[in-house]
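This report refers to the structure that appears directly beneath it.
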Amino acid sequence: MKILVLNGPNINMLGIREPDIYGRQSYEYLVETLKKHAAEKGVEVSFYQSNHEGSLVDAIQQAYFDKIDGIVFNPAAYTHTSVAIADALKAVGIPTVEVHISDVAAREDFRQISYIRGIAVKTIAGKGLDGYSLAIDFLVDGE
Ligand code: DQA
């Protein structure tokens with residue numbers, strides 16, 4: 001099984017950006033943790049992070065041609081704005097788990113809209129970086 005872990009804008013700033021909300025661990029730490037977790041689960045994992053909407057659309061399209069089986073996706077701020085990213089996910093039809101580090105439901109009104117939620121097979125929010133591992137587990141085990 002091949003899983004793509006996809007992250008949107010400012011996730012490369014983990015550990016620096018608003019640590020009270022997003023924690024003190026870096027993006028590199030997240031990648032290393034998920035590599036180990038994926039190895040334990042026996043899945044192949046790849047990573048991509050971009051601050052650019054079109055680059056994320058390109059990565060979603062590429063996932064189709066790379067025969068990716070599942071996407072773990074934190075679209076970050078584009079969650080709340082991007083029809084293009086939502087359309088790309090619909091176009092490829094790859095099962096996608098939407099992940100948010102913070103509990104978006106308990107935050108500002110503008111974070112209550114998600115263009116991704118209706119397309120994702122599951123949404124995990126408010127579990128910190130553990131949410132990404134839980135998303136891998138869901139794609140692999142269905143739980
Ligand atoms: C986020 C929540 C979004 O509202 C925000 O724009 C982010 C990160 C999260 O992981 O909690 O950049 O997706």
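The values are calculated or read from the model by the stated rules, or taken from the named source; none is laboratory data. Just so it is clear, the model here is predicted, and its values are computed rather than measured. A quick note on method: Cβ atoms are made from the backbone with ideal geometry, for glycine too, and the neighbour counts reach across all protein chains shown.
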Restricting the search to the stretch 39-73, which residues are part of a helix (DSSP H, G or I) and exposed (fewer than 15 other Cβ atoms within 10 Å of the Cβ)?
ALA39, GLU40, GLY54, SER55, ASP58, GLN61, GLN62, TYR64, PHE65
Among the residues of the stretch 125-143 satisfying the criterion of being part of a helix (DSSP H, G or I) and of a type in the set (A, V, I, L, M), which is surrounded by the most Cβ atoms within 10 Å (Cβ to Cβ)?
ALA135
Contact list, first residue from the stretch 115-135 and more than 12 Å from ALA105 (Cβ to Cβ) and small (Gly, Ala, Ser), second anywhere and within 12 Å of the ligand (Cβ to nearest atom) and assigned to a loop (DSSP other than H, G, I, E, B), beta-carbon distance below 6 Å, six or more apart or interchain, is GLY128/GLY23; GLY128/ILE101
Selected residue (only one of LEU30, LEU4 is in a helix (DSSP H, G or I) and either in contact with a helix residue (DSSP H, G or I) (Cβ under 8 Å, 6 or more places away or on another chain) or at pLDDT below 95 (or both)):
LEU30
Please work out which one of (1) small (Gly, Ala, Ser); (2) under 27 Å from SER26 (Cα atoms); (3) away from the ligand (no atom under 13 Å from the Cβ) is the condition GLY131 fails and give its number.
(3)
Would you point out the residue of the stretch 3-30, among those that are more than 15 Å from the ligand (Cβ to nearest atom) and buried (at least 16 other Cβ atoms within 10 Å of the Cβ), that is nearest to HIS52 (Cα to Cα)?
LEU4
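Which ones in the stretch 82-104 are part of a helix (DSSP H, G or I) and within 13 Å of the ligand (Cβ to nearest atom)?
Taking the stretch 82-104 first, the residues part of a helix (DSSP H, G or I) are 83-92, 104.
Listed by number, the residues that qualify are ILE85, VAL104.
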